[in-house]
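The values are calculated or read from the model by the stated rules, or taken from the named source; none is laboratory data. Because the structure is a prediction, the values reported are computed rather than measured. Cβ placement follows ideal geometry from the backbone for every residue including glycine, while neighbour counts extend to all protein chains displayed. Note: accessible area is taken over every heavy atom of the protein model, side chains too, but ligands, DNA and RNA are not part of it. Shrake-Rupley method; radii C 1.70, N 1.55, O 1.52, S 1.80 Å.
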Amino acid sequence: MNFKLNLLMAGVALGFSASALAADPIKIGVAGPFTGGSAPMGVSMRDGVKLAVADINAKGGILGRPIQLIERDDEAKPERGVQIAQELINKEKVVATVGYINTGVALASQRFYQDAKIPVMNNVATGSIITRQFADQPENYIFRNSANDQIQSQMIIKEAVDHRKFKKLAILADSTNYGQLGREDLEKVLASRGMKAVAVEKYNIKDVDMTAQLLKAKQAGAEVVLTYGIGPELAQIANGMEKLNWKVPLIGSWTLSMANFIDNAGKNGNGTRMPQTFIQAPDTPKRKAFIDAYLKAYNPPQGRMPSPVSAAQGYDSVYLLAAAIRQAGSTDGPKIKAALENLSEKVDGVVTTYDKPYSKDDHEAINAQTTVFGEVRDGKVVLAK
């Protein structure tokens with residue numbers, strides 16, 4: 001009798017342990033700057049990620065397991081990003097990480113995921129080199145679903161030269177990896193057209209006066225100012241142009257859509273144009289549902305996401321990753337990577353519908369056809385006409 005009871009109890013215990021094991025959460029890292037000048041991008045990205053995870057978990061999770069987010073603030077500092085990557089991999093045992101806002105942080109940190117054979121989904125950082133950092137290795141674990149700087153620099157030059165017919169262009173870029181790599185991309189596109197900027201100026205994070213740089217551009221006869229920067233300093237460019245009574249268009253990378261540019265530049269930001277993968281406009285049912293959910297959950301000031309692009313791409317990155325885990329039937333890194341490279345199901349995102357977005361040789365989900373031009377108009381970004 002005791003033997004049968006013990007056997008029964010052992011079977012029950014085994015059943016409970018198997019059940020508990022099956023329900024263990026799938027840990028996914030979320031890394032980005034949640035404080036500091038890049039926080040509008042980082043917080044918006046994280047909030048978009050959280051909305052997607054809440055949706056997926058409400059429908060039963062993935063493979064019968066809930067997603068558990070492990071959030072870490074990298075403060076936009078490469079050295080902090082390195083510490084976080086090691087912690088998420090070695091201590092938290094994440095199966096993947098989404099995030100990276102700053103190109104410099106991504107380039108410093110993602111090598112640890114590459115070595116550990118764990119996929120990273122860059123959902124905001126745009127430095128062209130990011131997905132090619134390990135191109136010389138047989139397997140690449142670095143993916144992206146944002147518009148890289150090659151796409152953006154081509155669009156910016158096309159807008160300035162082909163559409164607006166400007167011949168004298170000035171470039172103002174910040175001193176970060178993002179700013180300087182973006183500047184290089186702009187100069188490469190100009191060189192391919194046999195052109196050269198009449199002024200190329202650099203500024204630092206936290207600079208509050210761009211007069212010297214703007215005067216050089218103005219004296220060189222620039223007809224338009226092109227920007228590549230990550231923070232609120234961008235507003236100082238627009239405000240500096242107003243102080244100099246220098247009225248030329250401002251065109252730059254997607255970060256000109258951030259709330260801290262729009263609010264700090266005020267009326268001086270009107271007319272500014274930038275490439276966008278997502279504009280906060282309910283022009284499809286999917287986008288309307290996403291925007292409504294975001295506003296309800298986070299109640300941002302003036303009903304405006306701090307960085308709509310970051311929120312949307314963060315949201316979509318989780319759905320791409322979830323589709324790969326589901327297809328792989330596993331949380332094993334190499335299997336997730338292989339599934340991402342050959343996704344069999346279409347993923348209906350808020351940026352776009354992703355139909356085989358990746359291949360073994362191409363880890364970029366976004367192309368020029370997915371990207372449009374936004375324009376700042378009276379405190380918000382609208383589709384440029």
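Mind checking which pairs have a first residue in segment 55-71 that is on the phi > 0 side of the Ramachandran plot and a second that is in a loop (DSSP other than H, G, I, E, B), Cβ under 9 Å, 6 or more apart or different chains?
From residues that are on the phi > 0 side of the Ramachandran plot, the pairs are Gly60/Pro66; Gly61/Ala23; Gly61/Pro25; Leu63/Gly329; Leu63/Ser330; Leu63/Thr331; Gly64/Ala23.
Filter segment 149-192 down to the residues that are in a loop (DSSP other than H, G, I, E, B) and either touching a helix residue (DSSP H, G or I) at 6+ places or on another chain (Cβ under 7 Å) or under 11 Å from Ile251 (Cβ atoms) (or both) and list them by number.
Passing the criteria: Arg164, Phe166, Thr176.
Name the single residue, out of those in segment 124-158 being charged (D, E, K, R) and out of contact with any Gly (no Cβ under 6 Å at 6 or more places or on another chain), that is surrounded by the most Cβ atoms within 10 Å (Cβ to Cβ).
Arg144
Which condition from (1) of a type in the set (S, T, N, Q); (2) at pLDDT 95 or above; (3) open to solvent by 50 Å² or more (accessible area, probe 1.4 Å) is the one that Ser44 breaks?
Failing condition for Ser44: (3).
Identify all residues within segment 183-201 that are open to solvent by 70 Å² or more (accessible area, probe 1.4 Å) and of a type in the set (Asp, Glu); write none if there are none.
The answer is Glu184, and nothing else.
Of everything in segment 74-123, what is buried (at least 24 other Cβ atoms within 10 Å of the Cβ) and under 20 Å from Ala52 (Cα atoms)? Give them in sequence order.
Scanning segment 74-123 gives Val94, Ala96, Thr97, Val98, Gly99, Tyr100, Ile101, Pro119, Val120, Met121, Asn122, Asn123.
Please specify each residue of segment 203-248 satisfying the condition of being polar (S, T, N, Q) and within 29 Å of the chain's Cα centre (by Cα).
Narrowing segment 203-248 to residues polar (S, T, N, Q): 204, 211, 213, 219, 227, 236, 239, 245.
Asn204, Gln213, Thr227, Gln236, Asn239, listed by residue number.
If I ask for residues that are polar (S, T, N, Q), under 16 Å from Thr371 (Cα atoms) and in contact with a Ser or Thr (Cβ under 6 Å, 6 or more places away or on another chain), which ones from segment 148-178 would you list? It would help to see each step written out before you state the result.
Keep residues of segment 148-178 that are polar (S, T, N, Q), which gives 148, 150, 152-154, 175-177.
Right, trim to under 16 Å from Thr371 (Cα atoms) and you get 148, 150, 152-154.
Result: Asn148, Gln150, Gln152.
In segment 356-383, how many are over 28 Å from Pro300 (Cβ atoms) and not in a helix (DSSP H, G or I)?
So the answer is 10.
Quick test of your reading of the structure: Gly271 fulfils all but one of (1) in contact with an Asp or Glu (Cβ under 8 Å, 6 or more places away or on another chain); (2) of a type outside the set (A, V, I, L, M); (3) on the phi < 0 side of the Ramachandran plot. Name the failing condition by number.
(3)
Which of the following residues is within 24 Å of Gln114 (Cα to Cα) and not in a loop (DSSP other than H, G, I, E, B): Leu69, Leu51?
Sole residue among the options that is within 24 Å of Gln114 (Cα to Cα) and not in a loop (DSSP other than H, G, I, E, B): Leu69.
Those residues that are touching a helix residue (DSSP H, G or I) at 6+ places or on another chain (Cβ under 6 Å) and open to solvent by less than 50 Å² (accessible area, probe 1.4 Å), I need them from segment 282-293; list them, please.
Ala293
Which count do you get for residues in segment 327-374 that are surrounded by 18 or more Cβ atoms within 10 Å (Cβ to Cβ) and closer than 13 Å to Thr131 by Cβ?
9
Mind checking whether some residue in segment 312-322 is polar (S, T, N, Q), closer than 24 Å to Ile129 by Cα and surrounded by fewer than 19 Cβ atoms within 10 Å (Cβ to Cβ)?
no
Could you check, for segment 318-336, whether at least one of its residues is more than 23 Å from the chain's Cα centre (by Cα), over 27 Å from Tyr358 (Cα atoms) and charged (D, E, K, R)?
No, that holds for no residue.
Please find, within segment 81-103, the residue that is modelled with the lowest pLDDT out of those that are part of a helix (DSSP H, G or I) and either β-branched (Val, Ile, Thr) or out of contact with any helix residue (DSSP H, G or I) (no Cβ under 8 Å at 6 or more places or on another chain) (or both).
The qualifying residue modelled with the lowest pLDDT is Thr103.
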